[in-house]
Amino acid sequence: MHIELNHYLWLSAFMFTVGVIGVLVRRNAIVIFMCVELMLNAVNLSFVAFSHFLSDIQGQMMVFFVMTVAAAEAAVGLAIVISLFRNRQTVNIDEINLLKG
Amino acid sequence: MPNNLPEIIEQVKLSLGAFVPEISLSALFLLVITLDMVLNEKRVVIPMVSLVGFVITGFFTWQQLDMPNQEYFLRMHVVDPFAVFFKFLFLGAGALAVLITMDSEELGEKNVANIGEYYAVLIAMVLGMFLMASASDMLMMFLALELVSISSYILTGYLKHQIKSSEASLKYIIYGAVSSGLMVYGMSLIYGLTGQTNIYEIAKFISANEVDEVTLTLAALLVMGGFGYKIGAVPFHFWSPDVYEGAPTPVTAFLSVGSKAAGFAMLIRFFKVAIPAEPTGELAFDWVNFFALIALVSMLLGNFAAIWQSNVKRMLAYSSIAHAGYLLLGVLVADDLGTQAVMFYLAAYTVMTVGAFYVVILIANKIGSDDVNDYRGLGKRMPLTAAALTVFLVSLTGLPPTVGFIGKYMIFTALLGKGTVFLTLAIIGVLTSAVSLYYYFKIPLNMYLRESEDGAETPMESSAFANALAAFLMILTIGFGLFFTPLANFAKNSVIMLVMN
């Protein structure tokens, strides 16, 4: 089978949806961050696919920056999880419910 | 775009001249980090250095007023009056944030051991906002937005030993990461449709070629997810009440004015340039109706949900959602009058919101609570502070003679004469403002007409510096309400945005 642009786009859309659903249904903060990473990787896949099929380099440039930002976000996110864990001894977001209303 | 290396280097060298304010902020960031390492006594020196740095940056920004409207750095960065206006706004908000931080007990010596990094991250956030206001490429938009977002996650969670602060920060980063993921996915779709990342090239492509309408609409909706989260409009507002309540109050103040203004700057530029409301071609992603819906729901939900809040910070969060709705009304008119009104209102909003949060800080320093029921009897105990808070709340409601009234007036008049839909929106805007009167005036009611439970009447005024700053903001709120022409003219001259070349 010849792989075309649409195949990549469907895979990317599927990965992105899995990521979004994961963020909505999972209760562990660490797993939620993993799902966010999945979303960003889906975006990267679609950028690379477009870039290849348009024969244009800009899409691949975006990918580098998206990866860098994802790393920075994960670093800050995990630091926040650690500081929360020190206070509450839990990473379950159902138990983190001091602020509401 | 040039292809050989020497030409690229030449272009970057030429662009450096248009990047002086940003370079100056970066240098300030490094200076503050270094000072934080070498100094022992930081609580006065570092804020002072930051303020001086902001003033110097302001001077460089002022010099940009006469620069030609042009794109720099291989079409990543624009300098135009629109961007310069917002840069001044961010510097003002940043300077006010530094000033109100110095007075906050929450971030005082007892609770936070190391304050140097706080100012450094704040400066980084201002830098990110500068870049947001002048980004002309989707890559730069994404990076600038993330610079602001990541800095604000850190600032929100700065009180490491308080559960509330960490919790707010976690919620913020989860919502933020998801929204920016949605936004960058939308950007990838736009890139796929047009093969361009520069917003001017996207506009050119869309007007010259047939583009799949459904995909473009989907992409624009996804991009709006990222912007909507930054400006705190419904349905991307879920983070804001929790973050506003949990974050240290100076950070809340800065988030509510700075990152909202930056979000609006980027949103206006993106939708006005990349996806024009009336494109020359067949295609039209009808973002005007879409924004009308968001604005309507934001105004209603923000104002009605605020009625039931007893925490003042949380109430101001819902009020800021409602204000995002009012501001969107100005955006969706999609003409210069509307944009001008939005810019004026954002400047007005900065003064009155920072003022309100500052007074909340001063009161919390004394009574240790943000709850409106604990504000009873404060009219007698802290007369000046209570008077200042009342002025800021009058301005937030939009009553004369304050700057908030002029701002709302400008936005609503921009809507007149454009058709029934806009007129209806303006009427709903006025009516919801009347609703906001109810919850805003709960605070003066408690302060002036009710006695505190323990009957305490001992005065507890704040320091002279605090009183001077509160009075200064109060004078600005009323002064710009009476003599609004200079600010309005500045906004009017600044709507000039670099359009397609």
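Summary table below
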{"item": "Residues being under 30 Å from B:Asn69 (Cα atoms), part of a helix (DSSP H, G or I) and among the polar types (S, T, N, Q) - total across the stretch B:460-501", "result": "3"}
{"item": "Of residues in the stretch A:73-92 being over 20 Å from B:Met183 (Cβ atoms), in contact (Cβ under 8 Å) with a residue 12 or more places away in the chain and crowded, with 18+ Cβ neighbours inside 10 Å, the one farthest from the other protein chains (Cβ to nearest Cβ)", "result": "A:Val91"}
{"item": "Among residues of the stretch B:1-33, those that are farther than 26 Å from B:Tyr118 by Cβ, of a type in the set (S, T, N, Q) and either assigned to a helix (DSSP H, G or I) or touching a helix residue (DSSP H, G or I) at 6+ places or on another chain (Cβ under 7 Å) (or both), counted", "result": "2"}
{"item": "Residue match in the stretch A:34-49 (condition: small (Gly, Ala, Ser) and more than 14 Å from B:Leu189 (Cα to Cα))", "result": "no"}
{"item": "For A:Ile32: the one exception among (1) facing another protein chain (nearest Cβ under 9 Å); (2) in contact (Cβ under 8 Å) with a residue 40 or more places away in the chain; (3) surrounded by fewer than 19 Cβ atoms within 10 Å (Cβ to Cβ); (4) of a type outside the set (S, T, N, Q)", "result": "(3)"}
{"item": "Which numbered condition B:Ser240 misses (of (1) open to solvent by less than 10 Å² (accessible area, probe 1.4 Å); (2) in a loop (DSSP other than H, G, I, E, B); (3) farther than 23 Å from B:Ile406 by Cα)", "result": "(2)"}
{"item": "Residue check, B:Thr252 within 29 Å of B:Ala124 (Cα to Cα) and within 14 Å of another protein chain (Cβ to nearest Cβ)", "result": "yes"}
{"item": "Filter pass, B:Tyr439 being under 26 Å from B:Ser104 (Cβ atoms) and either assigned to a helix (DSSP H, G or I) or in contact with a Cys (Cβ under 9 Å, 6 or more places away or on another chain) (or both)", "result": "yes"}
{"item": "Counted residues, the stretch B:37-76 - those being under 25 Å from B:Gly338 (Cα atoms) and under 20 Å from the mean Cα position of the chain (by Cα)", "result": "1"}
{"item": "Test for B:Val273: is it open to solvent by 10 Å² or more (accessible area, probe 1.4 Å) and under 18 Å from B:Met140 (Cβ atoms)", "result": "yes"}
{"item": "Every residue from the stretch B:152-210 that is assigned to a helix (DSSP H, G or I), open to solvent by 10 Å² or more (accessible area, probe 1.4 Å) and over 30 Å from B:Asp286 (Cβ atoms)", "result": "B:Ile154, B:Ile163, B:Lys164, B:Lys171, B:Ile174"}
{"item": "Pairs where the first residue, in the stretch B:1-19, is farther than 18 Å from B:Asp80 by Cβ and the second is among the aliphatic types (A, V, I, L, M) and open to solvent by less than 70 Å² (accessible area, probe 1.4 Å), C-beta under 8 Å, 6+ apart", "result": "B:Met1/B:Leu74; B:Pro2/B:Ile8; B:Pro2/B:Leu74; B:Ile8/B:Leu74; B:Gln11/B:Leu74; B:Val12/B:Leu74"}
{"item": "Residue count for the stretch B:395-420, restricted to those that are open to solvent by less than 40 Å² (accessible area, probe 1.4 Å) and part of a helix (DSSP H, G or I)", "result": "13"}
{"item": "Answer from B:Tyr244, B:Tyr185 - the residue that is in contact (Cβ under 8 Å) with a residue 12 or more places away in the chain, aromatic (Phe, Trp, Tyr) and farther than 24 Å from A:Ile93 by Cα", "result": "B:Tyr185"}
{"item": "Residue in the stretch A:35-50 that is nearest to B:Asn198 (Cα to Cα), counting only those that are more than 8 Å from chain B (Cβ to nearest Cβ) and touching a Gly at 6+ places or on another chain (Cβ under 6 Å)", "result": "A:Leu38"}
{"item": "Residue within the stretch A:2-16 that is within 22 Å of B:His237 (Cα to Cα) and more than 10 Å from chain B (Cβ to nearest Cβ) present", "result": "no"}
{"item": "The stretch A:62-72, subset over 13 Å from A:Ser12 (Cβ atoms) and more than 7 Å from chain B (Cβ to nearest Cβ), residue least open to solvent (accessible area, probe 1.4 Å)", "result": "A:Ala70"}
{"item": "From the options B:Gly368, B:Gly330, B:Gly355, residue that is more than 14 Å from every other protein chain (Cβ to nearest Cβ) and either on the phi > 0 side of the Ramachandran plot or without any contact (Cβ under 8 Å) to a residue 24 or more places away in the chain (or both)", "result": "B:Gly368"}
{"item": "Any hit, the stretch B:303-318, residues being β-branched (Val, Ile, Thr), open to solvent by 10 Å² or more (accessible area, probe 1.4 Å), within 14 Å of chain A (Cβ to nearest Cβ) and touching a helix residue (DSSP H, G or I) at 6+ places or on another chain (Cβ under 7 Å)", "result": "yes"}
{"item": "Any hit, the stretch B:215-224, residues being open to solvent by less than 10 Å² (accessible area, probe 1.4 Å), within 14 Å of chain A (Cβ to nearest Cβ) and in contact with a helix residue (DSSP H, G or I) (Cβ under 6 Å, 6 or more places away or on another chain)", "result": "yes"}
{"item": "Residue list for the stretch B:186-238, restricted to those being of a type in the set (Ser, Thr, Tyr) and out of contact with any strand residue (DSSP E or B) (no Cβ under 7 Å at 6 or more places or on another chain)", "result": "B:Ser188, B:Tyr191, B:Thr194, B:Tyr200, B:Ser207, B:Thr215, B:Thr217, B:Tyr229"}
{"item": "The one condition in (1) farther than 21 Å from B:Leu147 by Cα; (2) out of contact with any Gly (no Cβ under 9 Å at 6 or more places or on another chain) that A:Val63 fails to fulfil", "result": "(1)"}
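The values are calculated or read from the model by the stated rules, or taken from the named source; none is laboratory data. The structure displayed is predicted, hence computed values, not measured ones. All Cβ positions, even for glycine, are placed from backbone atoms using ideal geometry, and neighbour counts span all protein chains on display. These area figures cover heavy atoms from the full protein model, side chains too; ligands, DNA and RNA do not enter into them. Shrake-Rupley method; radii C 1.70, N 1.55, O 1.52, S 1.80 Å.
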